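The values are calculated or read from the model by the stated rules, or taken from the named source; none is laboratory data. Predicted, not measured: the structure shown is a model, and the values here were computed from it. Glycine also receives a Cβ, built like all others from the backbone with ideal geometry; neighbour counts cover every protein chain displayed. Quick note on the areas: whole protein, heavy atoms, side chains included, nothing else; ligands and nucleic acids left out. Shrake-Rupley method; radii C 1.70, N 1.55, O 1.52, S 1.80 Å.
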Amino acid sequence: MTLHLFNTLTGQMDDLVPADGKALRMYACGPTVYDYGHIGNFRTFLQIDILRRTLKLLGVPVQHVMNITDVDDKIIRNATAAGIPIGQYTERFEKAFLEDLDSLRIQRPEQLARATEHIPRMVELIQKLAENGAAYQAEDGSWYFRLASFPEYGKLSKKDLSGMEDGARVDVDEYEKDSARDFALWKAAKPGETSWDTAIGRGRPGWHIECSAMAMEYLGDSFDLHAGGEDLMFPHHENEIAQSESVTHKPFARHWMHVRFLLVDGRKMSKSEGNFYTLRDLLLKGYKASAIRLALVSVPYRHQLNFTFDGLTEATNAIERLRTFHQRLVAGTFADGESDSLQAAAKKARAEYGSALSNDLNTAEARAPIFDLVRTANTALDQGLLLAGDRVAILAVLASFDSVFDVIEDRDAEPTRRALAWAEESGRLDDVAPELLAAQSLTDEAIDALVAERTLAKKQRNFGRADQIRNELAEKGVVIEDSKDGVRWKRK
RNA sequence: GCACCGGUGGCGAAGUGGCUAACGCGCAGGUCUGCAAAACCUGUACUCGCGGGUUCGAAACCCGCCCGGUGCUCCA
């Protein structure tokens with residue numbers, strides 16, 4: 001099976017396959033590390049994670065490069081305000097970002113590339129552009145890309161800029177450009193700002209050049225896929241194409257993928273609207289990392305996702321259903337053999353799941369056959385008709401599902417613990433949901449002891465005491481389930 | 001203003017010409033249970049924003065309208 005993925009460049013569904021027949025070479029625009037990542041950032045990174053995991057599911061090896069933008073206007077401004085070097089400023093946000101990736105179970109790219117570590121490569125590119133007449137230096141020493149030198153400009157975002165007039169929007173500090181739409185490749189040093197002394201003068205890179213430089217450094221002049229948020233399509237990606245292709249005269253990326261923005265409560269998320277959430281905000285409210293992952297991943301990447309707390313609750317409950325079922329299979333004992341109907345159901349689920357994902361990463365559609373299988377298997381389980389061979393087949397389907405969605409295996413304790421530690425050391429304990437603190441106050445050992453006491457009380461038919469213990473635990477978010485195989489408990 | 005996307009049950013959401021309109025959550029009733037929980041069963045849109053049209057046949061295609069969102073500037 002091959003992945004059919006919408007290609008922004010061609011405007012149609014194209015098969016995404018490695019041009020060299022080996023690994024799929026992809027570049028994804030990463031974060032600018034000037035603050036903690038918000039859920040909008042993570043929706044994009046999560047959808048790219050779904051992409052790379054789907055490729056692997058389909059047997060395609062991936063060579064994935066992501067940049068970390070660790071120098072830009074905001075970083076310089078904030079670091080200056082804090083009175084520290086930019087490296088020291090970005091370090092903690094980069095660390096936080098990588099932790100957040102772990103929390104959401106987003107796989108690390110094969111290569112992370114920091115902008116500040118690739119300055120020579122960028123300078124080289126700008127020099128080549130200058131030789132081709134595609135770049136020029138302004139009086140203050142800044143370098144700009146000459147848009148007029150690249151007639152194909154606009155081919156990605158389908159913009160026709162030929163009729164646009166110059167002078168509509170000119171940044172005050174960029175008045176020396178030949179044409180208003182020319183964009184900065186290199187910004188001349190201003191007094192007191194971080195800068196690099198290079199062959200093209202003292203200064204710092206413009207935003208777009210870093211991606212061209214690092215993509216070509218690790219993936220070559222031409223590569224398979226370039227991905228990012230929809231906002232980057234114009235002008236960022238358009239500029240990358242112009243810069244890169246003006247140097248190489250080869251197609252930059254063959255395939256472009258853009259993830260749509262998410263909305264929060266029906267509005268674009270913004271700090272001024274008061275609907276702005278970082279991952280850490282949500283963890284401290286008591287939502288599990290897996291629920292956040294599933295909620296952000298369940299709406300296909302080309303659709304707007306309206307993020308709500310109801311949606312998080314829905315995801316929490318859906319995961320609970322999957323995990324409970326998984327646990328039934330893992331813990332139970334089954335007679336030898338296999339049943340035709342369940343084997344067929346497992347096979348069908350796997351096929352439908354794979355084909356939904358291959359169809360432009362339709363995650364919503366991909367969930368359906370898995371839940372179908374859960375219901376079918378639960379019914380068989382209730383009737384004692386599920387056999388050992390069925391268990392193996394169904395667990396394999398769940399594993400395959402989790403190789404992309406990664407929500408069944410419960411690793412939620414760590415992100416929450418990390419978020420609480422962070423809240424403590426950064427003085428944000430007031431933001432922590434009281435129920436979360438209450439739940440944390442109870443150790444597993446304490447729960448086991450109470451559960452044991454309740455079981456004893458039940459044996460003595462002292463249901464009053466048994467129910468009292470159950471209620472106490474429930475208040476702290478611990479749910480008890482009695483079953484034939486014994487008592488189970490879980491943190492809600 | 002120009003451009004693009006969407007409007008499917010209580011909520012989320014799939015489906016882009018033809019099987020009883022997936023799936024999840026929620027809700028109601030039932031089975032099981034000391035009671036619960038979990039699980040299962042049944043029900044939960046005779047209908048897909050509105051009005052026309054095309055077609056043997058449309059949620060799906062065309063036209064018009066209404067509503068919501070996004071982009072055109074830094075942004076994932």
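Against the conditions (1) touching a residue at least 12 places away in the same chain (Cβ under 8 Å); (2) within 30 Å of A:R491 (Cβ to Cβ); (3) surrounded by 14 or more Cβ atoms within 10 Å (Cβ to Cβ), where does A:S358 fall short? Just the number, please.
So A:S358 meets the others, but not (2).
Here is a list: A:G37, A:G21, A:G30. Which entry is without any contact (Cβ under 8 Å) to a residue 12 or more places away in the chain and outside the structural domain of A:R280 (by TED's automatic domain parsing)? Spell out how you get there, then give the answer.
Numbers: A:G37 fails: without any contact (Cβ under 8 Å) to a residue 12 or more places away in the chain; A:G30 fails: without any contact (Cβ under 8 Å) to a residue 12 or more places away in the chain.
From the options A:G37, A:G21, A:G30, the qualifying one is A:G21.
Can you tell me which of (1) within 13 Å of RNA strand B (Cβ to nearest atom); (2) among the polar types (S, T, N, Q); (3) in contact (Cβ under 8 Å) with a residue 12 or more places away in the chain is the one A:T379 doesn't meet?
(3)
Would you confirm, using the coordinates I've provided, whether A:I447 is touching a residue at least 12 places away in the same chain (Cβ under 8 Å), open to solvent by less than 20 Å² (accessible area, probe 1.4 Å) and in contact with a His (Cβ under 6 Å, 6 or more places away or on another chain)?
Working: touching a residue at least 12 places away in the same chain (Cβ under 8 Å): yes; open to solvent by less than 20 Å² (accessible area, probe 1.4 Å): yes; in contact with a His (Cβ under 6 Å, 6 or more places away or on another chain): no.
No; evaluated as a whole, the condition is false for this residue.
Which of the following residues is open to solvent by less than 40 Å² (accessible area, probe 1.4 Å), out of contact with any Ser or Thr (no Cβ under 9 Å at 6 or more places or on another chain) and not hydrophobic (A, V, I, L, M, F, W, C): A:S298, A:S270, A:S290?
Numbers: A:S298 fails: out of contact with any Ser or Thr (no Cβ under 9 Å at 6 or more places or on another chain); A:S290 fails: out of contact with any Ser or Thr (no Cβ under 9 Å at 6 or more places or on another chain).
So the residue among A:S298, A:S270, A:S290 that is open to solvent by less than 40 Å² (accessible area, probe 1.4 Å), out of contact with any Ser or Thr (no Cβ under 9 Å at 6 or more places or on another chain) and not hydrophobic (A, V, I, L, M, F, W, C) is A:S270.
Among the candidates A:V65, A:V71, single out the residue that is more than 22 Å from A:A356 (Cβ to Cβ), aliphatic (A, V, I, L, M) and assigned to a loop (DSSP other than H, G, I, E, B).
Values: A:V65 fails: assigned to a loop (DSSP other than H, G, I, E, B).
Answer to the selection: A:V71.
Test each condition in (1) of a type outside the set (G, A, S); (2) open to solvent by 50 Å² or more (accessible area, probe 1.4 Å); (3) more than 30 Å from A:Q12 (Cβ to Cβ); (4) more than 10 Å from RNA strand B (Cβ to nearest atom) for A:L284 and report the one that comes out false.
(2)
Which is within 15 Å of RNA strand B (Cβ to nearest atom) and closer than 30 Å to A:R375 by Cα, of A:A399, A:A457, A:A474, A:A413? Even if it seems obvious, please write down each step before you answer.
Working: A:A399 fails: within 15 Å of RNA strand B (Cβ to nearest atom); A:A457 fails: closer than 30 Å to A:R375 by Cα; A:A413 fails: within 15 Å of RNA strand B (Cβ to nearest atom).
Exactly one of A:A399, A:A457, A:A474, A:A413 is within 15 Å of RNA strand B (Cβ to nearest atom) and closer than 30 Å to A:R375 by Cα, namely A:A474.
Is it the case, given these coordinates, that A:H38 is more than 23 Å from A:E110 (Cβ to Cβ), open to solvent by less than 50 Å² (accessible area, probe 1.4 Å), under 16 Å from the mean Cα position of the chain (by Cα) and not basic (K, R)? Full working, then the answer.
On the way: more than 23 Å from A:E110 (Cβ to Cβ): yes; open to solvent by less than 50 Å² (accessible area, probe 1.4 Å): yes; under 16 Å from the mean Cα position of the chain (by Cα): yes; not basic (K, R): yes.
Taking the combined requirement at face value, the residue satisfies it.
Contact list please: Cβ distance under 6 Å, first residue in the range A:249-269 and without any contact (Cβ under 8 Å) to a residue 40 or more places away in the chain, second residue acidic (D, E) and open to solvent by less than 70 Å² (accessible area, probe 1.4 Å), pairs at least six apart or on different chains.
Pairs found: A:K250/A:D221.
Does the range A:238-256 contain at least one residue that is more than 27 Å from A:E435 (Cα to Cα), touching a Gly at 6+ places or on another chain (Cβ under 7 Å) and assigned to a helix (DSSP H, G or I)? Reasoning before the result, please.
Step one: list which residues in the range A:238-256 are more than 27 Å from A:E435 (Cα to Cα), which gives A:238-256.
Keeping just the survivors that are touching a Gly at 6+ places or on another chain (Cβ under 7 Å) gives A:238.
Checking the rest, the ones that are also assigned to a helix (DSSP H, G or I) come to A:238.
Yes, because at least one residue in the range A:238-256 is more than 27 Å from A:E435 (Cα to Cα), touching a Gly at 6+ places or on another chain (Cβ under 7 Å) and assigned to a helix (DSSP H, G or I).
If you scan the range A:41-62, which residues turn out to be open to solvent by 20 Å² or more (accessible area, probe 1.4 Å) and either more than 8 Å from RNA strand B (Cβ to nearest atom) or part of a strand (DSSP E or B) (or both)?
Those that are open to solvent by 20 Å² or more (accessible area, probe 1.4 Å) and either more than 8 Å from RNA strand B (Cβ to nearest atom) or part of a strand (DSSP E or B) (or both): A:K56, A:L57, A:L58, A:G59, A:V60, A:P61.
Tell me, yes or no, whether the range A:313-320 has at least one residue that is outside any helix (DSSP H, G or I), touching a Ser or Thr at 6+ places or on another chain (Cβ under 6 Å) and open to solvent by less than 60 Å² (accessible area, probe 1.4 Å).
Taking the range A:313-320 first, the residues outside any helix (DSSP H, G or I) are none.
No, the conditions are met nowhere in the range A:313-320.
Can you name every residue in the range A:173-227 that is open to solvent by 10 Å² or more (accessible area, probe 1.4 Å), of a type in the set (D, E, K, R) and assigned to a loop (DSSP other than H, G, I, E, B)?
Listed by number, the residues that qualify are A:E176, A:K177, A:D178, A:R181, A:K190, A:E193, A:D221.
Those residues that are over 18 Å from A:T44 (Cα atoms), part of a helix (DSSP H, G or I) and in contact (Cβ under 8 Å) with a residue 60 or more places away in the chain, I need them from the range A:99-123; list them, please.
Across the range A:99-123, the qualifying residues are A:A115, A:I119, A:P120, A:R121, A:M122, A:V123.
Quick one: A:Q12 ticks every box in (1) surrounded by 21 or more Cβ atoms within 10 Å (Cβ to Cβ); (2) within 14 Å of RNA strand B (Cβ to nearest atom) except a single one, so which number is it?
With (1) surrounded by 21 or more Cβ atoms within 10 Å (Cβ to Cβ); (2) within 14 Å of RNA strand B (Cβ to nearest atom) applied to A:Q12, the lone miss is (1).
What are the pairs with Cβ atoms under 6 angstrom where one residue, in the range A:469-484, is charged (D, E, K, R) and the other, located anywhere, is part of a helix (DSSP H, G or I) and away from RNA strand B (no atom under 11 Å from the Cβ)? Sequence gap at least six, or different chains.
A:K476/A:A438; A:K476/A:A439
Is the range A:191-199 home to any residue that is among the small types (G, A, S), within 25 Å of A:Y89 (Cα to Cα) and within 12 Å of RNA strand B (Cβ to nearest atom)?
Taking the range A:191-199 as the starting set, the residues that turn out to be among the small types (G, A, S) are A:192, A:195, A:199.
Retained after the next criterion (residues that are within 25 Å of A:Y89 (Cα to Cα)): A:192, A:195.
Within this subset, residues satisfying the condition of being within 12 Å of RNA strand B (Cβ to nearest atom) are none.
No - not one qualifying residue is present in the range A:191-199.
Quick check on my filter: what residues within the range A:257-295 are within 17 Å of the chain's Cα centre (by Cα) and more than 29 Å from A:N317 (Cα to Cα)?
Scanning the range A:257-295 gives A:M257, A:H258.
If I go through the range A:263-277 residue by residue, how many of them are among the hydroxyl-bearing types (S, T, Y) and more than 9 Å from RNA strand B (Cβ to nearest atom)?
Going through the range A:263-277, the residues among the hydroxyl-bearing types (S, T, Y) turn out to be A:270, A:272, A:277.
Retained after the next criterion (residues that are more than 9 Å from RNA strand B (Cβ to nearest atom)): A:272, A:277.
So the answer is 2.
Residue under question is A:M233, and the condition is that it be open to solvent by less than 30 Å² (accessible area, probe 1.4 Å), in contact with a strand residue (DSSP E or B) (Cβ under 9 Å, 6 or more places away or on another chain) and not charged (D, E, K, R); does it hold? Give the steps one after another, and end with the answer.
Numbers: open to solvent by less than 30 Å² (accessible area, probe 1.4 Å): no; in contact with a strand residue (DSSP E or B) (Cβ under 9 Å, 6 or more places away or on another chain): yes; not charged (D, E, K, R): yes.
So A:M233 does not fit the description; no.
With A:V487, A:V479 as the choices, which residue is part of a strand (DSSP E or B), closer than 28 Å to A:V297 by Cα and within 10 Å of RNA strand B (Cβ to nearest atom)?
Criteria check complete, one pass: A:V479.
Which is of a type in the set (G, A, S) and under 30 Å from A:Q47 (Cβ atoms), of A:S400, A:S441? Spell out the reasoning first.
Values: A:S441 fails: under 30 Å from A:Q47 (Cβ atoms).
The conditions single out A:S400.
Would you check which residues across the range A:287-307 are more than 7 Å from RNA strand B (Cβ to nearest atom) and closer than 30 Å to A:N7 by Cα and list them?
Start the filter on the range A:287-307 by keeping residues that are more than 7 Å from RNA strand B (Cβ to nearest atom), which leaves A:287-297, A:301-302, A:307.
Matches in the range A:287-307: A:S290, A:A291, A:I292, A:R293, A:L294, A:A295, A:L296, A:V297, A:Y301, A:R302, A:F307.
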